[in-house]
Structures are given as C-alpha cells and as structure tokens.
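One structure is given here, and the rest of the page talks about it.
Please treat every number below as a calculation from the coordinates, not as lab data. Computed from a predicted structure; not experimentally measured. As a convention, Cβ positions derive from the backbone with ideal geometry for all residues, glycine included, and neighbour counts pool all protein chains shown.
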Amino acid sequence: MIVSYQGVESVKISQGDLTLAINPISKNSKLGSRKFGADITLITTNHPDLNGEDQTSRGDKESFVIKGPGEYEVSGVTVKGFLSESNLGGKKLNTIYTVLFEGMNLAYLGALSNPTLPTLAQESMEDIDILFVPIGDEGTLDPESAYKLAVSLEPKVIIPIHYGAVGKKDALNQFLKEGGEDKNSPLDKLVVKKRDLEGKEGEIVVLKEE
C-alpha cells in the first residue's frame, strides 16, 4: 500500500490498480487543487479545501463518492462512517471514517474539532494500523489535543494532516514535541505492508506534500 499527502487533508492511498482519495482539495479552494484519478473518494466535511470529489474522476470513469455516515463495501474496500462535528469555517458536520484496505485498518478523523469521539466511533476504533489526525487548529484539533487523542486510540502509526498553510505554521513542530520528538524527517510517501507494522506503537510518520 502506498500513502501520499496532497496537502491540507488530502490523502491518496493506492494498491495495484485501486486508488482511494480522502478529502481531495476542490477546484473552488483558494489553495489550488490537484486532480488525480481515484476509484473511491471519501469526503468528511463540506468545505472547499476538503470536498473536491470533482477532482477524482478520470475520463469516462467516475469515482464512487462517499460523504456521510454509514457502512459501504466498494471494490473489496470496507468503509464505515460516523457522524461528528467540525468548526472549520463555521459549525459543520464531519464524518469520521474507518477503512479496511489491503488487510490494514485505517482511521481518518477528518476536520474533527472535538477531541471526545462520539460513542459509535470510539467503539469502532480498535486495532488501528494507521491513524490520520488533523493537528492545525483553526476549527480542527490543536496539536496537544490531537496528540492526546491519537495515542489514546493506540494506533501503530500516526500520520498528521491539516497543518502548514492551513492553521498554525508551527503546528507540526508542536505535535512532534508532544510525542517527544524534536525532528522527524518527512517521507515522500509511505510504502507499507501489514507485516511492516508489527511491533509499532504510535509511531509518527510525516509525509511531504506532493
């Protein structure tokens, strides 16, 4: 499985011919969108920086779009969505997703603003392999709250998103310090298999923006 970061909260996850896009930046965003094909697109929050479903279809092939709570099975990928809240650009609904992809359990918190998860989402957060957590404040979690929530969910790997140009410029450094790290060399992308995660506990992986 290959994980890459497109900026803000946009994440691209691929394995073979199957590609999953989460919160792609829309063409209406002031930050500049990136168009790439995806078989499945997940949207957590109705905000132009996050709701670019228009950017993930290719040619005559439309991406299967999920943008709300529920249970879904698409191309062998299992997705569960849980309702929560975001304060990004005003009070909005946010969907927390868990995804079973290539035998790995992924959890994506979206533009989450409340560090106390809804009960249904909390109960679903078991044996997480990779957790994507927003850390940039400005309507989402601040770095301290984000780290405390992340480690409480006991994922094997934590990938911070939603920082830099959005939110506080020093959010990433603050988040790393919460984890006891002064430096963390960003990766161009994360290439990972299930067996690579054995023995890991809350390892922070920073991805470069493509």
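Give me, ordered by chain and number, the residues 5 or more places off ASN94 or on other chains with an amide H under 5 Å from its own placed amide H.
Those lying under 5 Å, H to H, from ASN94 are SER84, GLU85, SER86.
May I ask you to compute the full-extension gain from LEU31 to GLU198, defined as 0.36 nm times their residue separation minus their alpha-carbon distance, rounded to one decimal in nm?
Extending this stretch completely gives an extra 56.4 nm.
Quick one: compute the contact order of region 2-204, relative version, from alpha carbon pairs under 8 angstrom and 6+ residues apart, as a percent.
15 percent
Could you give me the percent of Cα pairs per 5 Å distance bin for region 131-210, shortest bin first, beginning at zero and ending with the bin that holds the maximum distance?
Spelled out per bin, shortest first, that is 3, 15, 27, 27, 18, 7, 2, 0.
Quick one: check the C-alpha center-to-center distance for region 36-99 versus region 118-196, whole angstrom.
So the separation of the two Cα centres works out to 19 Å.
May I ask what percent, to the nearest 5, of DSSP beta bridges between residues of region 79-210 are antiparallel?
55 percent
Starting from the Cα of GLN15, step 7 Å along the direction of its Cβ; do the same at ASP54; then give the gap between the two resulting points in nm.
Computed distance between label sites GLN15 and ASP54 equals 3.2 nm.
Karplus couplings for region 108-119 from phi (6.51 cos²θ - 1.76 cosθ + 1.60, θ = phi - 60°), rounded to Hz, Gly and Pro as x?
10, 8, x, 8, 5, 10, 10, x, 8, 6, x, 4
With a cap of 14 neighbouring Cβ atoms within 10 Å, and only residues DSSP puts in a loop, list the GluC sites (Glu not before Pro) found in region 64-155.
Qualifying residues, ordered by number: GLU126.
Once the piece of chain linking LYS177 and VAL151 is laid out straight, how much longer is it, given 0.36 nm per residue of separation minus the C-alpha distance between them?
Value of the extension gain: 8.0 nm.
Using a Gaussian network for the chain with springs between C-alpha atoms less than 10 Å apart, which of these wobbles most: SER26, SER63, SER75?
SER75
I need the phi-derived Karplus couplings for region 16-29: 6.51 cos²θ - 1.76 cosθ + 1.60, θ = phi - 60°, integer Hz, Gly and Pro marked x.
x, 8, 9, 10, 10, 10, 10, 6, x, 6, 7, 5, 8, 6
Under 5 Å between amide hydrogens, which residues at least 5 positions from ILE161 or on another chain qualify, with H placed 1.01 Å from N in the peptide plane?
The list, which skips near neighbours in sequence, is VAL133, ILE135.
If one computes P(r) from the Cα atoms of region 82-170, what percent of pairs lie at distances over 15 Å?
In whole percent, the share of Cα-Cα pairs in region 82-170 beyond 15 Å is 54.
Mean-square fluctuation check for the chain, GNM, Cα pairs under 10 Å: which of PRO118, PRO134, PRO24 is largest?
In the Gaussian network model the winner is PRO118.
Provide the descending list of Cα extents for region 48-87 along its principal axes, expressed in whole angstroms.
Rounded to whole Å, the extents work out to 34, 28, 9 Å.
Compute the distance in nm between two label points, each set 7 Å from the Cα along the Cα-to-Cβ direction, one at ASP127 and one at LEU93.
About 3.1 nm separates the two model spin labels.
Starting from 0 in steps of 5 Å, tell me what percent of the Cα-Cα pairs of region 2-204 lands in each bin.
1, 8, 17, 22, 23, 17, 9, 3, 0, 0
For GLU73 and LYS61 in the same chain, what is the full-extension length gain: residue separation times 0.36 nm, less their Cα-Cα distance, in nm?
2.5 nm
Taking amide H atoms as placed 1.01 Å from N in the peptide plane, list the residues 5 or more away in sequence, or in a different chain, whose amide H sits under 5 Å from that of GLN6.
VAL11, LYS12, GLU210
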